[in-house]
Amino acid sequence: MALFRYVAATGTFERFLELYREMPEAAAQVQRVGDALQDLRGLRATIAIDVNVAGAEILIDGRSVGTAPLVDPVIVDPGRHTVEARLDGYGGAPQIVPVTSGETAEVHVALAEIARIGRVRVEANVPDAEVWVDNALLGTVPFRGDLGEGEYTIEVRAAGYETQTQTVAVATGDERIVTVSLPRPGGTAPAWFW
């Protein structure tokens, strides 16, 4: 059974090589592990993260990976990852980033001063429908996130349903609640409430 935990496996193989590389009786195993390690490295993915505020803590899947600016991309397993940045006095919405083996995904995380932040809550009739804000996948319904003051295009998408789009103005300190009914193709018009 494959667990697809290539980053953890790479670390284990690298530790094995550090411990046993100089032992003549382990030469055959060291060679096999070295060959497997090369294959594992090709199965990993990376995420290059740019944050507009220096000093912000960067997190992937809730785990701290460094402070902005990051010099090198972060090595991850293939799949969907949640990328976010945190800094006192600033807010921002996490982004969901899909990556495949051997790929480097580039992500820009925009933080805004909290004094100029509003909140958006998106709900839909289809569980786990995707919420896209200005062409960035931010999560699934029910979704709640902080956005900087301004106007945003919110799309709600789900397989087998028509995508619904709404422009929402976010004001400082406001919470905008967007509720949408996703119709099946050829169905009735959606109802937006805010």
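List of remarks:
- Most fluctuating residue given options Thr167, Thr104, Thr140, as computed from a GNM of the chain linking Cα atoms under 10 Å: Thr167
- Rg over Rh [alpha-carbon atoms, Kirkwood Rh] for the range 106-155: 0.98
- When you count the other C-beta atoms within 10 angstrom of each residue and take the mean per peptide, 19-31, 127-139, 64-76 line up highest first as 127-139, 64-76, 19-31.
- Under 5 Å from the amide H of Leu111 lie the amide H atoms of Asn52, Val53, each residue being 5 or more positions distant or on a separate chain, with H modelled from the backbone and absent for Pro and chain starts.
- Average accessible surface area per residue within the chain, 1.4 Å rolling probe, Å²: 57
- What the Cα atoms of the chain give is an Rg and a Dmax of 21.5, 73 Å.
- Share of carbon and sulfur in the accessible heavy-atom surface of the range 40-194 [1.4 Å probe, %]: 49
- Protection proxy ranking, highest mean first, for peptides 82-88, 147-153: 82-88, 147-153, where packing is the per-residue count of other beta-carbon atoms within 10 Å, averaged.
The values are calculated or read from the model by the stated rules, or taken from the named source; none is laboratory data. The structure presented is a predicted model; accordingly, all values stated were derived computationally and were not measured. Virtual Cβ from ideal backbone geometry, glycine too; neighbours counted across all protein chains shown. Accessible surface areas use protein heavy atoms only, side chains included; no ligands, DNA or RNA. Shrake-Rupley method; radii C 1.70, N 1.55, O 1.52, S 1.80 Å.
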